[in-house]
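Structure first, then comments.
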Amino acid sequence: MIVIDASPAVHHKAGLGRYAEELIAALALPPGARKPSAEYVAFYHDALSATPSKLIQSLTCIATSQGPYPWRLRALLGQLLDIAQDNLFAQVRANTRDPLPAPRLFHATEHLLPRFKSIKTVFTLHDLIFKFFPQYHLPRNRIFLNLAMPLFLKRADAIICVSEHTRRDAMKEYGLPEEKMRVIYEGVHPRFRRVADGEVLRAAQARYRLPDRFILAVGTVEPRKNLVTLFKVFKALCEEDDSLAQEVIVVGRQGWMHEPTYRAVHELGLTGRVRFLTSVEDDDLVKIYSLAQVLAFPSLYEGFGLPPLEAMACGAPVVASNAAALPEICGDAALLVPPNDIAEWTRALKRALTDRQLRQMLQARGPERAAKFTWLNAAQETRAVYQSLLKT
């Protein structure tokens, strides 16, 4: 039995949630499978507030009623005191009456690893934001991660890094053995492809009251996403030529320390020209990508960065920052700009909005680039990590 932590998926944690959901789907229900593999079991904490998808409900699930903070404290104390928690799964509720076999492997997908001694462990490292931008983490999260991350990484039997940049960061900060680490890229779901049906697009445009020309930003509203810089750039574009774009549309839920981002809209005089859509289903997001004139992604740090690839798959030109893993992920299919250089961002967005030849080039390269990243590949490579551990 292989247990995969589905907590970020059932609690809808943006990028981490998408990673867990899509990886579980590709592992447990690959193309051609009629029913999920019984080999994989989904685990999650805070069962009373969880809302599992149909896919996860179709699996055998084991869950604890412990809320997020008691669960994190339990994992941390187990690691700090070196107390084995191998009997954890015998103590939690399962959605089946059949006795469960003893777990052979646990895959931690959200930077949280209980202390196991007889169970093999895989730890997915998404990023080290708390190290490089500590000011953008809540104090309790920063304290927790500074205490726990070295132990998680030391005691995991294998570490999956979602980019080469993340792997390098981890080796530099923690001196981890190279043979323990494996770069496995995330994927783009096949649903992300350009929508050409005009009627479908017009319906989505009407539903979300989208203008004909808009700049799109996708991601959790938090300081690391650097949306204030985008708003300043949009203001500069409007002052130069007000017809270039009518609005900035931000698709994403509120994250921590989001207040300055919302406040900046009013301080810059952009009220009514920047709008936030906090609840958009993936099927509609595909249409919004297809309608956008350009995706702007000025993030200060990404361990991977899915929205640029999703936008590329849908044929939207992309302008992204040249920070962290984004050059590695975007390749030559996006314009890459220093994240805080307002003048460069203004020039790049203007080119992406007005240069027809450039737009056509980006729209051609984008789907080809996105096609290199699939969840099927991610699942196959992850499965190989599992097998290598279970042989020992």
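Of all residues in the range 193-245, how many are under 25 Å from Pro260 (Cα atoms) and of a type in the set (A, V, I, L, M)? Selection size over the range 193-245: 13.
Looking at Ile215, Ile160, just one residue is more than 30 Å from Leu145 (Cα to Cα), surrounded by 22 or more Cβ atoms within 10 Å (Cβ to Cβ), touching a residue at least 60 places away in the same chain (Cβ under 8 Å) and not acidic (Asp, Glu), and that residue is Ile215. Which residues, taken from the range 302-322, are more than 12 Å from the chain's Cα centre (by Cα) and buried (at least 23 other Cβ atoms within 10 Å of the Cβ)? Of everything in the range 302-322, those that are more than 12 Å from the chain's Cα centre (by Cα) and buried (at least 23 other Cβ atoms within 10 Å of the Cβ) turn out to be Ala311, Met312, Ala313, Cys314, Ala316, Pro317, Val318, Val319, Ala320, Ser321.
Note on the range 187-225: residues that are under 15 Å from Ile249 (Cα atoms) and more than 16 Å from the chain's Cα centre (by Cα) total 13. Considering every residue within the range 124-132, establish whether at least one is over 29 Å from Ser388 (Cβ atoms), assigned by TED's automatic domain parsing to the domain that holds Ala6 and over 27 Å from the mean Cα position of the chain (by Cα). Checked against the condition, which is being over 29 Å from Ser388 (Cβ atoms), assigned by TED's automatic domain parsing to the domain that holds Ala6 and over 27 Å from the mean Cα position of the chain (by Cα), the range 124-132 yields no hits at all. Residues that are among the aromatic types (Phe, Trp, Tyr) and either more than 21 Å from the chain's Cα centre (by Cα) or surrounded by fewer than 17 Cβ atoms within 10 Å (Cβ to Cβ) (or both) do not occur anywhere in the range 145-154. Among the residues here, Thr166 does not qualify as modelled with pLDDT of 95 or more, more than 19 Å from Lys13 (Cβ to Cβ), among the hydroxyl-bearing types (Ser, Thr, Tyr) and crowded, with 16+ Cβ neighbours inside 10 Å. Note on the range 240-279: among residues that are surrounded by fewer than 18 Cβ atoms within 10 Å (Cβ to Cβ) and β-branched (Val, Ile, Thr), the one that is farthest from the chain's Cα centre (by Cα) is Thr271. Across the range 26-39, the qualifying residues are those that are at pLDDT below 95 and in contact with a helix residue (DSSP H, G or I) (Cβ under 6 Å, 6 or more places away or on another chain), and the one among them that is farthest from Val122 (Cα to Cα) is Pro36. Scanning the range 20-58 for residues that are buried (at least 23 other Cβ atoms within 10 Å of the Cβ), within 20 Å of His189 (Cβ to Cβ) and touching a Pro at 6+ places or on another chain (Cβ under 7 Å) yields Ala20, Ala28. When Ala94 is tested against (1) surrounded by 20 or more Cβ atoms within 10 Å (Cβ to Cβ); (2) within 24 Å of Ile24 (Cβ to Cβ), only condition (1) is not met.
The values are calculated or read from the model by the stated rules, or taken from the named source; none is laboratory data. Predicted model, so just to flag it, every value in this text is computed and none were measured. Positions of Cβ are backbone-derived with ideal geometry, glycine not excepted, and every protein chain shown enters the neighbour counts.
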